[in-house]
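Encoded as structure tokens, the structure appears first; notes follow it.
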Amino acid sequence: MIDPQLLRDSPDVIKASLRSRGAQESLVDTALQADAARREAIAAFETLRAEQNVIGKDVAKASGAEKDALLATVKELSTQVKEASARVAEAEEAASSALGALPNLVIEGVPAGGEENFVTLREVGTIPTFAGEVKDHLEIGEALDILDMERGVKVSGSRFYFLKGAGALLEMALTQLGMKVALENGFVPLIPPTLVKPEIMQGTGFLGEHSAEVYHLGEDDLYLTGTSEVALAGYHSDEIIDLTKGPLRYVGLSTCYRREAGSYGKDTRGIIRVHQFQKLEMFSYIDPADAEAEHERLVSWQEQMLQSLGLAYRVIDVAAGDLGTSAARKYDVEAWIPSQSAYRELTSTSNCTTFQSRRLNVRHRPDKGGSTEPVATLNGTLATTRWLVALLETHQQPDGSVLVPEVLQPFMGGLSVISAS
RNA sequence: GGAGACGUCGCAUAGUCCGGCCGAGUGCACCACCCUGCUAAGGUGGAGUCCCCGCAAGGGGACCGAGGGUUCAAAUCCCUCCGUCUCCGCCA
């Protein structure tokens with residue numbers, strides 16, 4: 001949710017942000033009107049309520065004819081109060097949906113435009129070259145018997161898979177490496193629930209534009225999360241947290257579920273786009289003043305991962321029109337995928353500023369004894385199943401084997417090469 | 001799954017039977033000051049969250065798990081939901 005005060009004071013700033021996203025500017029005027037109507041309704045109700053409270057006290061003290069007279073006036077007042085209160089509820093509903101329709105304010109410097117308007121911040125590492133034929137991760141995985149799509153489909157349908165043997169170990173090793181990096185930087189590990197209540201799903205913004213993406217269990221009215229970001233953001237909802245000793249950083253490990261509706265025919269081969277995968281996710285609660293610096297830190301830890309794994313990548317500043325509702329800026333780290341001769345997203349890290357925390361009601365108290373302020377939240381990927389695609393393809397050998405990056409070997413019992421047995 | 005108890009201001013509790021004098025007492029913790037003097041005790045005062053109006057001083061409203069209802073008036077009465085605990089049953 002956008003800061004309502006900002007909406008009132010500087011609607012033009014928000015309009016400019018909407019323009020850069022390619023969204024409707026008129027949303028701002030609608031929200032402004034709804035906000036004004038809401039405040040008007042509140043004022044009307046409170047005036048009546050105050051009067052009712054005063055007379056109510058007199059009723060308690062009075063008796064006899066005097067009491068009957070007071071009762072008559074206050075009865076009339078009571079119906080007015082009820083009506084006014086109903087109008088407040090309506091106006092509040094309208095205002096919150098109008099305000100909720102506004103996406104987060106984009107940070108200055110974010111490229112305007114749609115998906116193709118991203119800006120490449122840097123390219124790092126050497127793009128691998130291969131003497132012979134380049135195999136894709138599925139071909140490699142099947143030949144080594146570490147990735148089994150066929151049986152995944154047999155058991156669960158399309159976009160499901162089995163990781164087997166060294167493949168399963170590789171994913172766990174990657175997770176542990178990420179965990180090591182996170183621990184070194186003060187993150188607290190969390191293994192969160194992957195089924196959440198509607199209000200948490202709503203609060204993190206995934207029931208808006210992503211609603212078709214989300215699995216819902218009707219019987220229990222619970223949602224399967226597509227990222228642990230949901231539970232990590234909900235973790236401190238409705239709390240006043242202490243940031244005086246620095247940011248609260250969590251690293252969440254969870255299985256993620258995505259319906260991938262609307263992506264039929266896209267990335268159907270292999271495990272680039274699947275319904276279920278593992279993800280290690282960083283999440284920071286921080287003073288808004290320090291959010292942009294934290295954003296850079298999150299990216300740097302992601303890059304540290306990619307570098308240590310010997311992957312070539314680029315970092316892009318995602319264009320405003322391609323940002324999620326909650327994000328004020330988003331950096332993607334994209335790894336080189338040899339079989340596609342293209343960079344593909346391996347991580348994504350968003351600065352949600354105070355947008356998410358307003359909705360989830362997460363605050364802190366910057367000054368002792370002072371008032372509360374919303375915190376900033378940021379999230380970023382540290383490892384996912386998709387990384388196996390880049391790892392297998394980049395480190396494939398002419399004989400069909402795959403070299404295991406040195407940093408992963410300790411987590412795989414010292415295994416340095418995955419070869420067909 | 002069956003039976004019962006409970007959910008109050010950071011924590012612990014009073015208040016609910018008999019609706020108004022209860023936005024709410026007490027203890028602990030907290031903050032400021034005083035006293036004393038020394039890793040303690042005592043005294044005084046202050047403290048919650050959210051919203052509305054206001055340049056401000058200030059004024060007003062809401063919040064006793066959540067949501068409805070009854071009533072002029074609800075922490076208190078009624079209903080629904082959520083959660084916690086105890087006992088019994090069942091089970092990885």
Inset, instruction - From A:319, A:312, A:420, grab the single residue that is surrounded by fewer than 16 Cβ atoms within 10 Å (Cβ to Cβ), more than 23 Å from residue A:250 (Cβ to Cβ), more than 16 Å from RNA strand B (Cβ to nearest atom) and not hydroxyl-bearing (Ser, Thr, Tyr). - result: A:420
Legend entry - Failed condition for residue A:277, given (1) away from RNA strand B (no atom under 16 Å from the Cβ); (2) touching a residue at least 60 places away in the same chain (Cβ under 8 Å); (3) closer than 26 Å to residue A:374 by Cα: (3)
Legend entry - Wholly within region A:140-234, helices (runs of 4 or more DSSP H) carrying at least 1 residues that are basic (Lys, Arg) and either in the same structural domain as residue A:283 (by TED's automatic domain parsing) or on the phi < 0 side of the Ramachandran plot (or both): A:149-156, A:166-184
Legend entry - Test for residue A:284: is it of a type in the set (Ser, Thr, Tyr), farther than 15 Å from residue A:381 by Cα and outside any helix (DSSP H, G or I): no
Inset, instruction - Out of A:204, A:194, A:129, A:120, report the one residue that is exposed (fewer than 14 other Cβ atoms within 10 Å of the Cβ) and under 23 Å from residue A:325 (Cα atoms). - result: A:120
Legend entry - Residue list for region A:1-52, restricted to those being over 29 Å from residue A:107 (Cα atoms), loosely packed, with under 15 Cβ neighbours inside 10 Å and among the hydrophobic types (A, V, I, L, M, F, W, C): A:43, A:50
Inset, instruction - Please work out if residue A:134 is under 30 Å from the mean Cα position of the chain (by Cα), in a loop (DSSP other than H, G, I, E, B), among the β-branched types (Val, Ile, Thr) and on the phi < 0 side of the Ramachandran plot. - result: no
Legend entry - Among residues of region A:37-71, those that are among the small types (Gly, Ala, Ser), near RNA strand B (Cβ under 8 Å from one of its atoms) and modelled with pLDDT of 85 or more, counted: 2
Legend entry - region A:289-317: number of residues that are among the small types (Gly, Ala, Ser) and in contact (Cβ under 8 Å) with a residue 12 or more places away in the chain: 4
Legend entry - Any chance residue A:93 is exposed (fewer than 15 other Cβ atoms within 10 Å of the Cβ) and either part of a loop (DSSP other than H, G, I, E, B) or within 9 Å of RNA strand B (Cβ to nearest atom) (or both): no
Legend entry - Filtered residue count, region A:72-125, keeping only those that are among the β-branched types (Val, Ile, Thr) and either within 30 Å of residue A:344 (Cα to Cα) or modelled with pLDDT of 90 or more (or both): 6
Legend entry - Pair list, Cβ under 6 Å, 6 or more apart: region A:91-116 residue among the acidic types (Asp, Glu), other residue not in a loop (DSSP other than H, G, I, E, B): A:92/A:38; A:115/A:322
Inset, instruction - Find all pairs meeting these conditions: Cβ atoms under 8 angstrom apart; at least six residues apart or on different chains; first residue within region A:53-70 and farther than 19 Å from residue A:82 by Cβ and in a helix (DSSP H, G or I); second residue near RNA strand B (Cβ under 8 Å from one of its atoms) and aliphatic (A, V, I, L, M). - result: A:58/A:70; A:67/A:59
Inset, instruction - Go through region A:361-389 and give me each residue that's surrounded by 24 or more Cβ atoms within 10 Å (Cβ to Cβ), of a type outside the set (Gly, Ala, Ser) and closer than 30 Å to residue A:4 by Cα. - result: A:362, A:375, A:377, A:378, A:379
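The values are calculated or read from the model by the stated rules, or taken from the named source; none is laboratory data. All of these numbers come straight from a predicted model, not from anything done at the bench. Here Cβ is always computed from backbone atoms with ideal geometry, including for glycine, and neighbour counts include all displayed protein chains.
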